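Just below is one structure, and these are the notes that go with it.
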Amino acid sequence: MLGANVAAMRSHMSARAWVLFKLVPFLVPDFSVPGVLQREIEKNRLRGPALPSWYMRKRIRFSDETRGTDRFFRVAPNDGPNALRILFLHGGGYVFDLQDPHWSLIWGLISRTGAEVIAPIYPLAPEHGWREGLDMVHRAYLELVEERGADNIVIIGDSAGGGLVLALAQALRDAKLPAPAAIVLFSPWLDLGVSAPDQPELARRDPLLTIDFLRAAGLMWAKDVATNDPRVSPLFGEHAGLPPTIVFTGTWDILNSDSKRLAAVAGDVTLREYPNMMHVWPVLPIPEGRQALDEAAAFINQHTIVR
């Protein structure tokens, strides 16, 4: 019977995905142990944001720029970008910097769209909170609007970065500022309080995230506002008047609930749910990841004039 169950699950995922998902729990720190989260944050600060590998640098133009206190990575194809600009907001629970797997995601987007990617290295918790982070990405977006115009900008984020993308889009709309052409969200974290009744069940099959970690990191980011405040949990904000949005989610992800709840209350949202995929699987070298990136690129092309 066990063999039949394994075969049934394997039928919904590639062999490569199956192997990698089995390895993930051995690579993730146990954040339920007291002090582990703080120690991992301290180690992350010593390392800083991940830089592209030497192999990646052969395929891209990369610059590390600072303007005042704001730091950005700019990444483009070797032969130069087209007019499209992607503002990429990285995940990491609002407490961890851009990490090595994000470079697979960035390259996947560049190679499929020909765009230049701008990745703000935004302030993180617990040293900072949502106000500083949102202010920084807001400035980055408006600078891009001045450079290229809003019609040539797509905002993309994974996990916590996806939540920050949606919060930014809502803030731009409320301020009556130009909206980006489209939004792409990979496994977005939209409810800091992890409050949906189905999430404990989802947590039992999630190989990467835990509810305790999410709630602890969420409190660090929210600071002095409630975790259901729309400025930190944009799921609970107003969704009218936002750009066309596509959301990618896997059914082995605690945050699968966030994506489905967003699709249920928002208007112009395309939900792409992948069976048996884990949190932010498009960073992995698996067929399902390539398929999601292909779909994201097609959505971008559909909603921009750049070809």
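In the range 46-64, of all residues being in contact (Cβ under 8 Å) with a residue 40 or more places away in the chain and open to solvent by 50 Å² or more (accessible area, probe 1.4 Å), the one that is farthest from Phe213 (Cα to Cα) corresponds to Arg59. Go through (1) hydrophobic (A, V, I, L, M, F, W, C); (2) under 19 Å from the mean Cα position of the chain (by Cα); (3) within 30 Å of Trp18 (Cβ to Cβ) for Ala181 and report which single condition fails. Looking at each condition in turn, Ala181 falls short on (3).
Cβ-Cβ contacts under 7 Å between residues 6 or more apart (or on different chains), taken from a first residue in the range 77-103 that is more than 26 Å from Gly129 (Cβ to Cβ) and touching a residue at least 60 places away in the same chain (Cβ under 8 Å) to a second residue that is among the acidic types (Asp, Glu) and open to solvent by 10 Å² or more (accessible area, probe 1.4 Å), are listed as Arg85/Glu116.
Taken together, the residues in the range 137-161 that are under 20 Å from the mean Cα position of the chain (by Cα) and among the basic types (Lys, Arg) amount to 1. Screening the range 113-214 for helices (runs of 4 or more DSSP H) wholly inside it with 1 or more residues that are more than 22 Å from Asp64 (Cα to Cα), open to solvent by less than 10 Å² (accessible area, probe 1.4 Å) and not β-branched (Val, Ile, Thr) returns the ranges 160-174, 199-203.
Might you check whether a residue that is over 21 Å from Ile156 (Cβ atoms) and either in contact (Cβ under 8 Å) with a residue 60 or more places away in the chain or surrounded by fewer than 24 Cβ atoms within 10 Å (Cβ to Cβ) (or both) occurs anywhere in the range 289-300? For the range 289-300, residues over 21 Å from Ile156 (Cβ atoms) and either in contact (Cβ under 8 Å) with a residue 60 or more places away in the chain or surrounded by fewer than 24 Cβ atoms within 10 Å (Cβ to Cβ) (or both): absent. Could you list, ordered by first residue, the pairs with Cβ atoms under 8 Å in which the first is in the range 220-244 and open to solvent by 60 Å² or more (accessible area, probe 1.4 Å) and the second is among the acidic types (Asp, Glu), at least 6 apart or interchain? Note: pairs meeting the criteria are Asn228/Asp191; Phe236/Asp191; Phe236/Asp229.
Here the range 172-214 is the region considered, the condition is being touching a residue at least 40 places away in the same chain (Cβ under 8 Å) and of a type in the set (Gly, Ala, Ser), and the residue that is farthest from Pro234 (Cα to Cα) is Ala203.
For the range 40-68, the tally of residues that are among the β-branched types (Val, Ile, Thr) and in contact with a Pro (Cβ under 9 Å, 6 or more places away or on another chain) stands at 2.
So, Val225, is that one over 21 Å from Tyr274 (Cβ atoms), part of a loop (DSSP other than H, G, I, E, B) and in contact with a Lys or Arg (Cβ under 7 Å, 6 or more places away or on another chain) or not? Taking the combined requirement at face value, the residue satisfies it. Name every residue in the range 70-103 that is open to solvent by 70 Å² or more (accessible area, probe 1.4 Å) and assigned to a strand (DSSP E or B), in order of residue number. If the condition is that a residue be open to solvent by 70 Å² or more (accessible area, probe 1.4 Å) and assigned to a strand (DSSP E or B), then Arg71 is the only one that fits. Considering only residues in the range 245-261 that are more than 15 Å from the chain's Cα centre (by Cα) and either open to solvent by less than 10 Å² (accessible area, probe 1.4 Å) or not β-branched (Val, Ile, Thr) (or both), the one that is farthest from Leu20 (Cα to Cα) turns out to be Arg261. Taking the conditions exactly as written (charged (D, E, K, R) and open to solvent by 50 Å² or more (accessible area, probe 1.4 Å)), does Arg67 satisfy them or not? The answer is yes for Arg67. Among residues of the range 23-40 being free of Cβ contacts under 8 Å to residues at least 24 places away in the same chain and under 12 Å from Leu208 (Cα atoms), the one that is most open to solvent (accessible area, probe 1.4 Å) is Phe26.
Only a single item in (1) touching a residue at least 12 places away in the same chain (Cβ under 8 Å); (2) open to solvent by 30 Å² or more (accessible area, probe 1.4 Å); (3) within 30 Å of Ala175 (Cα to Cα) is not met by Ala266, and it is number (2).
The values are calculated or read from the model by the stated rules, or taken from the named source; none is laboratory data. These numbers come from a predicted model, not from an experiment. Please note: Cβ atoms are built from the backbone with ideal geometry, for glycine as well, and neighbour counts cover all protein chains shown. In case anyone asks, the SASA skips ligands and DNA or RNA and just uses the protein heavy atoms, side chains included. Shrake-Rupley method; radii C 1.70, N 1.55, O 1.52, S 1.80 Å.
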